[in-house]
Amino acid sequence: MEQLTYFLEYVRWQDVVDIGLNSYILFRFYVLFRGTYVFRVLIGLTMLWFFQQIAAYMGLIVTSWVVQGIVAVAALIIVVVFRNEIRNVLQAKNLKSILWGFTAKTRIAPVDVIAESAFELARRKQGALIVIPGEEDIHESVQGGVAWNGDISKEMILSIFFPDNPVHDGAAVIEGERVSRVGVILPLSRRDDLPSHLGTRHRAALGLTEGSDAVVVVVSEERGEVSLAKGPHLRPLGSQRKLVQKLEEHFGITEAQGPYAKKERIEVTTAALVSLLFIAGFWFSISRGLETLVTLEIPIEYQNRNPNMEIVHTSVNSVRLNLSGSGTLVKSTRPDQVRVRLDLSNSVAGQNSVPITSNNISLPPGLVLKEVAPQNVVVDMDVTVRKELPVQIDWAGRLPENIVLAEATVEPQRVEIIGSRRVLENMQTIYTEKVPLDRLKEVGVLETGLALQPASLKVAPGSSDKVLIKYITRRRE
């Protein structure tokens, strides 16, 4: 529960994008490689990774290192051993299929005629390959063939695969409601895990469907059996009705209502959820495992102060914050991104103890407040008043021994000051900034500012914070 609260409270929008993007990439890997040996090996590597994490958590150092090495080597072996299978998946599919791949099929064909023809060929034990493309273009995957462009009929299909027909050994490609090409040569599957009884027709069918979204109806000449190749799978079909159902699913004529389609939807949805949970857990383990502590000294900002009151004194001007978060986030955090604001709306004249809580501290998402010191700030407040004070020149240094100051005046002679009542009650005059005597000439005029001490004092509107000093010096007699 604590971990879930941490995730919901401190996750950033960048983390949500990060988790969502990687979850979708993992899900697409599942969609592209499911049913292949690559996917099975990846499942095994994932289980090894989980085992390595458990070993590391239990402190089994050697076991953790050994399993980590096995996972690293096995990942390299996958690329080498299964390079053909990976290449078939990535090369034959277009970018849209790789990134999305759930487009509905819109081209319709007379599936009843195709199914009836296939089982009639099987009854006669005449071999056949009938290619039905999906959304992807298969022209770069097949070779040769003769343009046919004939309307589909049972008699047409039977004549194409008649043993005395010169094109009967090739494949027929059906696009829409027409047979577009015949005598087409299909690429052979390079898999070495296929049963030995499968002949060249079956390997050719899989060679095409492994790298595209097409389906191929295969009729075995020796066994009189009808099979359907789709993706990396080759499934024997025992009835004409079953073949019609599979072809309708391929064309999108019927919505997937059967138990197989329902099972596939559940499988895909489960895979999406597992991908999301896996990446979220992985992100959480990384962000928590690489937790870094940092201490920042942050100045205090005061808000909502009564305009008729001012701050006379504070016990501290800044607070020390101990923060934690991922190393990358901590390193990228600047002190100006962290702010401490105290509300003085309820303050009164005198000393006010203001607590510092997490509500007063603004942190970048992903950082966690561990400790704050001090936890309270004493703020001394007082009512502001106005007082008119005479201006007195603050001379500094000494005149030359043969020079004396004959006359000095200041304009204005009095100024109005705004400040704390306690401070102004004890003030009888306001001094100028220091004026060095050794720089005086015989006669002159100087402009200087007022020495407002403490700094909370300020000159009232209508009064100037600058004064003019007129002076006259003469030689000592």
Accessible area per residue, 1.4 Å probe, Å², for the chain: what's the number?
-> 58 Å²
With a 1.4 angstrom probe the carbon and sulfur portion of accessible area for the chain, in percent, totals 55 percent
Using +1 at the Cβ of each Lys and Arg and -1 at the Cβ of each Asp and Glu in the chain, identify which of Gly238, Asn306, Ala74 lies farthest towards the dipole's positive end.
-> Ala74
Summed residue charge, Cβ within 12 Å of Glu222's Cβ, Lys/Arg positive, Asp/Glu negative = +1
For a paramagnetic label modelled at 7 Å from the Cα of Glu371 toward its Cβ, which residues of the range 314-346 fall within the zone defined by backbone nitrogen distances under 14 Å?
-> 320-324
If each K or R counts +1 and each D or E counts -1, the residues other than Ser347 whose Cβ falls under 12 Å of its Cβ total -3
In nm, give the distance between the simple-model label positions of Phe278 and Gln14, each being 7 Å from the Cα along the Cα-to-Cβ direction.
-> 2.6 nm
Name the aspartates and glutamates eligible as straight-distance cross-link partners of Lys370: C-alpha to C-alpha under 18 Å, and not fewer than 8 places from it in the same chain.
-> Glu2, Glu9, Glu291, Glu297
Would you compute the Debye intensity of the chain from its alpha-carbon atoms alone, equal scatterers and no solvent, and pass along log10 I(q)/I(0) at q = 0.06, 0.11, 0.12 Å⁻¹ to two decimals?
-> -0.58, -1.01, -1.09
Net +/- balance of residues flanking Asn149 in space, Cβ distance below 13 Å, scoring K and R +1, D and E -1 | -1
When the helix-only estimate is applied to the chain (DSSP H runs of n ≥ 4, each -39,500 (n - 2.57), divided by the residue count), what is the mean residue ellipticity at 222 nm, nearest 500 deg cm²/dmol?
-> -11500 deg cm²/dmol
Find the eigenvalues of the gyration tensor of the Cα atoms of the range 153-197, then list the square roots of 5 times those eigenvalues as equivalent ellipsoid semi-axes, largest first, in whole angstrom.
-> 25, 14, 10
Go through 170-177, 50-57 and give me the packing order, highest mean Cβ count within 10 Å leading.
-> 170-177, 50-57
If you find the alpha carbon centre of the range 294-330 and of the range 451-471, how far apart are they in angstrom?
-> 31 Å
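The values are calculated or read from the model by the stated rules, or taken from the named source; none is laboratory data. If you're wondering where the values come from, they're calculated on a predicted model, not measured in any experiment. Cβ sites come from the backbone with ideal geometry, for glycine too, and all protein chains shown count toward neighbours. All accessible areas refer to the heavy atoms of the entire protein, side chains included, with ligands and DNA or RNA removed. Shrake-Rupley method; radii C 1.70, N 1.55, O 1.52, S 1.80 Å.
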